[in-house]
């Protein structure tokens, strides 16, 4: 049988395939050849065949039949075989299949091999994909190697130990003795991996954390040496000595200093030194500064240091590099609650980031902006945020609109400003506004009694312009239904009152009913509004009686009946809604409505009460706030009113 | 820790995949496909970082290859960019002005270099020189394997 083709030959051949089908054919042919070669237990070419299989696996083709062959390669004495065998094991073997356990013995032998590069292969494989069982079996070997003086092996053993601890946390204890002298090492590889190991142990065990706190002075010393030492070509990156090690030490210091005053104080000076002396012209310096800031903010640092950290973030925001701006915004978002005033100083820079091209930066800037809004800056901030709302991508609009409503509710300087802001949101991003905003807005509007005329006028004008944005249309319909009389009588004080007749208003509402743009819910709102206007306007209106939507149909039939049989009750039933008070700011709210003449009693959430009252009084209790949701149950309130009367 | 690293071309061809957590083959394929789509859709003006599932993705494009790492919430994205850069430098030094074809035809060597640089997603050695030296020595061992020694040589008599 001719020798199997070489790896590079196969790669070259496969790349000449012009179609997926052609490639598949070549692969299948080669796989068949490899399979028979495996069956023949060919030792010479096993390595070559497995390598080819790994290539085909990367292209997406199945290669599981090579798993056992990888194990045979690992068991071979030749280094080349072992190299490919271990690579294959890492790529093909799955810890969920028992076959991977067959590796354990080979790895054990190789961990004790006379050649350090073989030991290295074993440590690497165990450290990358060792299963819990393998880790349990081999932890002792790893621990032995952690104590060796050979730095090449020691550094690998440290990372292997990290993996063992991640897989089997109970084994952490056995590595404790070996950690004794790790930080005394001169070799940067060992130092780096040791710091990683110590970090892993401290993160997982409060006892270990307490035990290793005493290392803080040593860590500070190592970090200081790195900063103060002269140029070291072996570890230099853009003029900075071993930035990778610096970052890891800073991270370990963060964990050790967290919630401990003494440790935090011990690292205060070095943190200030790193924060002020690190070169910021390249990414690598900024990476160190970033880690320093994270550490300062997380430990019990003094306020001067914290301000220094926030200022670094502020400078990051002005950096041309968008990656730097991105991490700055992320970090500021984390600290805005605890260090609010310091972050406020950078407000204008943050607001500028709203105009950034990167979507993630914009989102963070938006979140941060909302977090920074307060009573003092509300007017200025809202201007920027409304401008952002106008021009931002659709994916932001819902969140931004909600944020604007929340901020306006908390900090509105005046009722007029509040209404104007709501109007602006409804008209610019009306279709993105969340469903629950509509009842909240209605409640807000009823509360601003002196603004009713102004509000209804503005909403009416908005409707004339655009009836496509459903939340806007719904709120407008409701307002016109309630305050339509104010609209036609031209009572607006805040701005020039418009001239509009009752017929014109009714035409607009009827237009909403027939428009294709209106959803069934919107039609419900406008139908009810027309009904209400029947008592406020002098002209009687015909009811839109037939509709595919069952809710609307029922509504229309009941309203019709109201006109025909119970016309004498109509004015009382459709009286102006009293101001609704929220009894709780979140969650279901009991809304008690009376006409003022009877005592409000404790509402019963479960059953709409049957009230026996004389005809000229209307007392009703409502269900909880869910009554006002968009699915049409808003009308249940009116239903309750109507049903009570029909049941008497 | 780094959860995985992917290298892929602009056409969406995978050139290297290193996973540091046990993941089912089927899930790996799905994640690779999804992530490649997300990264390849990014515009040049965007940052090198994005959120994907519960991970942070750090990616950088070198010529025709995307180097893409997934790290966890507490990891430093800026230093991850440096890790990627260090790996590229190692490849560059080893292959001499590395290009995508080098990685295609010598993928196993690219893996060997990566495995000498990272274990379990963490850096083993921060010295470029040290990592390259180890690879060089290992390659020598491999060559010794391949060149047959005479019986006399084996006995140390020639």
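FYI, it's all coordinate maths here, none of it is from the lab. All of these numbers come straight from a predicted model, not from anything done at the bench. Quick reminder, even Gly has a Cβ in these numbers, built from the backbone with ideal geometry, and neighbours come from all protein chains shown.
Listing for the model above:
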{"quantity": "With Cα atoms, 0 to 90° folded angle of helix A:359-372 axis to chain A main axis", "calculated": "60 degrees"}
{"quantity": "Value at 222 nm in deg cm²/dmol, rounded to 500, when DSSP H runs of n ≥ 4 in chain A each add -39,500 (n - 2.57)", "calculated": "-20500 deg cm²/dmol"}
{"quantity": "Highest average packing first - B:79-92, B:129-142, Cβ atoms within 10 Å", "calculated": "B:79-92, B:129-142"}
{"quantity": "Contact order normalised by residue count of chain A, Cα under 8 Å, 6+ apart, percent", "calculated": "5 percent"}
{"quantity": "Estimated inter-spin distance, residue A:493 and residue A:399, nm [label 7 Å along Cα→Cβ]", "calculated": "4.1 nm"}
{"quantity": "Normalised contact order of segment A:26-90, rounded percent, pairs of Cα under 8 Å and 6 or more residues apart", "calculated": "29 percent"}
{"quantity": "Peptide A:189-202, shielding by other chains (average Cβ, 10 Å cutoff)", "calculated": "3"}
{"quantity": "Extension gain (nm, one decimal) between residue A:387 and residue A:75, 0.36 nm per residue minus Cα-Cα", "calculated": "105.5 nm"}
{"quantity": "Cα gyration tensor category, rounded, prolate or oblate, for segment B:14-93 with a/c compared to 1.5", "calculated": "rounded"}
{"quantity": "Sequence of A:251, A:24 once ranked by neighbouring C-beta atoms within 10 Å, starting from the fewest", "calculated": "A:24, A:251"}
{"quantity": "Ratio of the Cα radius of gyration of segment A:435-579 to 2.2 N^0.38 Å, where N counts its residues", "calculated": "0.99"}
{"quantity": "Segment B:25-71-segment A:135-197 distance, computed between alpha-carbon centres (Å)", "calculated": "32 Å"}
{"quantity": "Protection proxy ranking, peptides A:84-93, A:364-373, average beta carbon neighbours within 10 Å, highest first", "calculated": "A:84-93, A:364-373"}
{"quantity": "Value in Å of the Kirkwood radius, where segment A:51-102 supplies the Cα pairs that are averaged", "calculated": "11.0 Å"}
{"quantity": "Mean Cβ neighbour count within 10 Å, used as a protection proxy, ranking A:161-170, A:111-120, A:193-202, A:519-528 highest first", "calculated": "A:193-202, A:519-528, A:161-170, A:111-120"}
{"quantity": "Ranked list, fewest to most other Cβ atoms within 10 Å of each Cβ, for A:532, B:28", "calculated": "B:28, A:532"}
{"quantity": "Share of pairwise Cα separations in segment A:142-181, more than 12 Å, in percent", "calculated": "53 percent"}
{"quantity": "Average beta-carbon neighbours from other chains, 10 Å sphere, peptide B:14-26", "calculated": "3"}
{"quantity": "Calculated FRET efficiency for the pair residue A:176/residue B:27, C-beta based, R₀ 30 Å, to 0.05", "calculated": "0.25"}
{"quantity": "Whole-number percent relative contact order across segment B:12-158, with pairs defined as alpha carbons under 8 Å at least 6 apart", "calculated": "15 percent"}
{"quantity": "Rg/Rh ratio calculated on Cα atoms of segment A:286-342 (Kirkwood radius)", "calculated": "0.94"}
{"quantity": "Three-way shape call for segment A:91-215 based on the alpha-carbon gyration tensor, with the a/c threshold at 1.5", "calculated": "oblate"}
{"quantity": "Segment A:495-519-segment A:338-414 distance, computed between alpha-carbon centres (Å)", "calculated": "34 Å"}
{"quantity": "Cα gyration tensor category, rounded, prolate or oblate, for segment A:138-291 with a/c compared to 1.5", "calculated": "oblate"}
{"quantity": "Using a Förster distance of 22 Å, the FRET efficiency for residue A:9-residue B:100 (Cβ separation, nearest 0.05)", "calculated": "0.70"}
{"quantity": "Residue order, fewest to most surrounding Cβ atoms within 10 angstrom, among A:312, A:579", "calculated": "A:579, A:312"}
{"quantity": "For residues of B:78-88, the mean tally of beta carbons on other chains within 10 Å", "calculated": "5"}
{"quantity": "Distance from segment A:70-127 to segment A:205-255 (C-alpha centre basis), Å", "calculated": "33 Å"}
{"quantity": "Ratio of the Cα radius of gyration of the protein assembly as shown to 2.2 N^0.38 Å, where N counts its residues", "calculated": "1.28"}
